[in-house]
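Asker: The structure that follows is given in the form of structure tokens.
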Amino acid sequence: MELLVCMSIAGSIPVVICLLLYIIQRKDYNYILGRRLLLTGVFFYLVPVQLVKYLLPKDALPETMLIGRKADSYLSGSLSFWSEKQGDYIWLPQWFNIFARVWLAGIIIFAIYEIVKYWRGAHSIRNYIFEKIDDPEDNLTYYLIPDGICGPCTIGFFRQKIAIPESFPLHPDFIMVYKHEHTHLKNHDNLVKLLCLFVLCLHWMNPVAYLLLFLYIDTAEIVSDSAAVDGCTKEKRQDYANLLVLEAATSDIRPAVWKNNLSGHKRNKEGKDFKTLKRRINYMMKEKRKGMLQRGIMVAVSALTVVASAGTVMAYAPAPSSDESFEEFMSDDSLNDFGDIYMDDETIVNSLDFSQCDSIFIGTDGVQVMCQEDTDTYALCTHSMVDGTFYSHAKNASGGCTVKLYTCQKCEKCGYRANAKLYKTITYVTCPH
């Protein structure tokens with residue numbers, strides 16, 4: 001499979017597991033575990049872990065874990081949308097090409113709009129900050145802004161700040177509000193949402209990538225609420241829930257992707273925002289079980305998800321590439337019409353099947369490997385080179401053909417070819433291949 005497809009599949013596995021757990025468990029769904037699964041999805045969406053196996057020694061993995069050469073060759077050409085594979089073209093209608101480009105442009109514009117809108121909103125909030133409160137006794141650090149600007153929030157991606165309206169510190173439930181925002185800050189939720197936007201731009205053809213952003217927005221709020229009411233009595237939880245309902249009518253100058261739902265809009269109160277608020281209140285009012293069974297389930301599901309996502313490492317196979325010394329020979333279009341012919345070499349060449357591909361590599365073990373030349377692709381790999389013979393076939397205008405033999409080396413892991421030396425040229429009056 002191609003690298004981007006493997007990354008997309010690896011990132012989608014944790015997100016799909018998270019969604020299935022939510023659908024199955026409903027009220028018993030663990031949002032802390034859900035957040036870990038979503039973070040795992042972000043990691044596998046953006047980090048090309050599939051390249052790891054090319055950095056390991058050849059025999060580092062058990063033989064049973066490695067995909068065979070035939071299966072590897074098949075998978076390497078299985079999920080390509082645009083390129084030519086083994087002489088076959090995948091024809092796409094013109095409208096699909098236009099639609100794909102428009103869709104990709106729309107995703108990029110959306111990401112730029114959200115980032116710019118957030119930056120402007122955060123910058124305007126910073127302009128309203130008039131005092132920094134540092135309370136070492138209660139371990140509180142926040143910045144005061146005038147009332148009516150927005151509700152309590154966190155701003156910044158790396159240098160984060162907690163902004164609090166000036167009247168909130170007088171509220172009896174202020175400590176819970178601060179814990180909510182401090183959890184956002186500790187979990188770097190703004191930065192994670194930014195990474196979710198990058199996932200959308202990179203994997204815009206994958207519908208699960210869109211689900212990742214919306215799941216994380218709700219999950220981050222519910223996890224923060226859970227931290228805010230942790231250790232509180234049922235009455236204090238009810239007071240915090242009442243505060244959430246009251247703040248739901250407060251407007252927010254930030255776009256929906258970046259704001260916390262401690263504040264919202266009246267026009268959405270009977271819609272999706274109200275359902276999200278109801279879900280948050282129900283979750284925070286329920287007592288959480290923290291026994292060994294729950295922790296064991298979290299560990300088991302997390303481990304299974306990581307193993308399943310990392311399994312795409314075995315499916316990735318880069319297109320073979322070659323070094324400059326090899327290209328120097330392969331790019332020579334003036335194939336010789338003369339050459340020394342030896343019976344052993346001619347017998348081997350006659351047995352080769354060039355109907356599928358004009359390039360074949362035979363290693364010292366005698367195994368034939370068809371090679372599609374792709375000089376633009378290069379795998380990050382600690383090569384394990386083996387000696388062999390490379391056969392290049394080209395038809396002549398007269399109806400014959402010319403086969404060139406090269407001694408070269410080929411990587412057993414990624415197919416990289418190097419150190420080519422022209423060994424012989426065999427010319428046929430009539431092409432037998």
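Only the coordinates and a few stated rules stand behind these numbers; no lab work does. What you are looking at is a predicted structure, and each value in this text was computed from that prediction instead of being measured. Positions of Cβ are generated from backbone atoms using ideal geometry, with glycine treated the same way; all protein chains shown enter the neighbour counts.
Asker: Nearest 0.05, what FRET efficiency do SER398 and GLN368 give at R0 = 35 Å with Cβ-Cβ as r?
Answerer: The value I calculate is 0.80.
Asker: Oh, and also: Rank by packing, highest mean first: peptides 217-226, 184-193, 118-127, 131-140, with packing defined as the count of other Cβ atoms within 10 Å averaged across residues.
Answerer: Per-residue mean Cβ counts within 10 Å order the peptides as 217-226, 184-193, 118-127, 131-140.
Asker: To the nearest 0.05, how large is the calculated FRET efficiency for LEU3 and VAL429 if R₀ is 51 Å and r is the Cβ-Cβ distance?
Answerer: Given R0 = 51 Å and the Cβ-Cβ separation, E is 0.70.
Asker: Taking R0 as 41 Å, what FRET efficiency do you get between ILE32 and GLU412 from their Cβ-Cβ distance, rounded to the nearest 0.05?
Answerer: The formula returns an efficiency of 0.40 here.
Asker: Within 10 Å, count the other beta carbons around each residue, average over each peptide in 204-213, 37-46, and list them highest first.
Answerer: 37-46, 204-213
Asker: Quick one: which of 144-151, 405-412 comes out on top by average Cβ neighbours within 10 Å, and what's the full order, highest first?
Answerer: 405-412, 144-151
Asker: Which stretch or stretches of segment 178-199 have amide N atoms under 19 Å from the point lying 7 Å from ILE109's Cα along the Cα→Cβ direction?
Answerer: Hits in segment 178-199 for ILE109 at 19 Å: 197-198.
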